[in-house]
Amino acid sequence: MKRIRSITGQAKSVAPNVRVFLNMAYGPESDALAIAYITVLDAVGLTPVLAAQETDSGWRLDHIQNLLSSCPYSLHDLYRVAEARWNMILELGMAIERTPHHRWFVLDSNERRALGALSDLNGTKIFEHRANPSGVIGAVLDIFFRPGQRITVEQIEKTYRTLRGIARRLLKEKAKSVFEPRIFARLVDEAVQIRTKARP
């Protein structure tokens, strides 16, 4: 079992392949950040899932509630919220409602932008990613830091570049963005394979 530190400083035990609900704006403009999330979450032993990735019967909100209940963690990237992506705020609220059994974390390009959109988040730690992949990698490493962790942003960036090349090839298969379920799932699998092959 790995030990992953929460934002309150309390260590949490996390089994391999624990799923993390990823709430962010879908679309090609977010592809680079999504690939960064896939890469860094895999590096710390976590598997990202999207609301669009899995379906079940019933209402979409019920589906999201079920996903949140099945994931002990969720990441809520509010970048692009101002571009009429209000569903991201709704999903954050659904995650907050599950506290303390569910651990949720807020990210944005900068802290002031997030607090300007949602003043009720005052007092909440906002993890800044500066709207670039390296920032996402650093922010997620901070969120899931554990004692003795030796993973660096530079190491993960190398895997990110490899995965970005794979994504470009996959997107030629008549896909609009990496958020299409088959593309996202393939990239999650590819990240695991790249990491496994890189082991000495």
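Rolling a 1.4 Å probe over the heavy atoms of the protein chains gives the chain an accessible area of 51 Å² per residue.
Relative to the compact globular guide of 2.2 N^0.38 Å, what is the alpha carbon radius of gyration of the chain, as a ratio?
Normalised by 2.2 N^0.38 Å, the Cα Rg of the chain equals 0.97.
State, as an integer percentage, the relative contact order of the chain based on alpha-carbon contacts under 8 Å between residues 6 or more apart.
On the way: 301 pairs, mean separation 54.1, N = 200.
Computed value for the chain: 27 percent relative contact order.
How high is the FRET efficiency between Thr152 and Ala32 when r is their beta carbon distance and R₀ equals 25 Å, given to the nearest 0.05? Don't jump to the answer; show the numbers that get you there.
On the way: r = 20 Å, r/R0 = 0.78.
The value I calculate is 0.80.
Proximity of backbone amide H atoms, modeled 1.01 Å from N, is registered between Tyr73 and Phe21, Arg103 at under 5 Å, excluding neighbours fewer than 5 places apart on the same chain.
Multiplying the residue separation of Asp142 and Arg182 by 0.36 nm and subtracting their alpha-carbon distance yields 11.5 nm.
In the chain, the DSSP-assigned H stretches of four residues or longer account for a calculated mean residue ellipticity at 222 nm of -14000 deg cm²/dmol, using -39500 (n - 2.57) per stretch and the full residue count as denominator. Nonpolar atom fraction for the range 124-166, defined as the carbon and sulfur part of the 1.4 Å probe accessible area, stands at 48 percent. Which net charge results when you count Lys and Arg as +1 and Asp and Glu as -1 among the other residues whose beta-carbon is under 10 Å from that of Phe127? Once all neighbours under 10 Å are counted, the net charge is -4.
Candidate cross-link partners of Lys197 among the aspartates and glutamates, defined by an alpha-carbon separation under 18 Å and a same-chain spacing of 8 or more, comprise Asp42, Glu154, Glu157, Asp189. Net length available on complete extension from Lys197 to Asn66 is 43.8 nm, with 0.36 nm assigned per residue and the Cα-Cα distance removed. Report the relative contact order of the range 77-119, percent, no decimals, based on alpha-carbon pairs under 8 angstrom and at least 6 residues apart. Contact order relative to length: 47 percent.
The values are calculated or read from the model by the stated rules, or taken from the named source; none is laboratory data. Because the structure is a prediction, the values reported are computed rather than measured. Don't worry about glycine lacking a Cβ; one is built from the backbone with ideal geometry, like all the others, and counts go over all protein chains shown. The accessibility values were calculated without ligands, DNA or RNA, using every heavy atom of the protein model including side chains. Shrake-Rupley method; radii C 1.70, N 1.55, O 1.52, S 1.80 Å.
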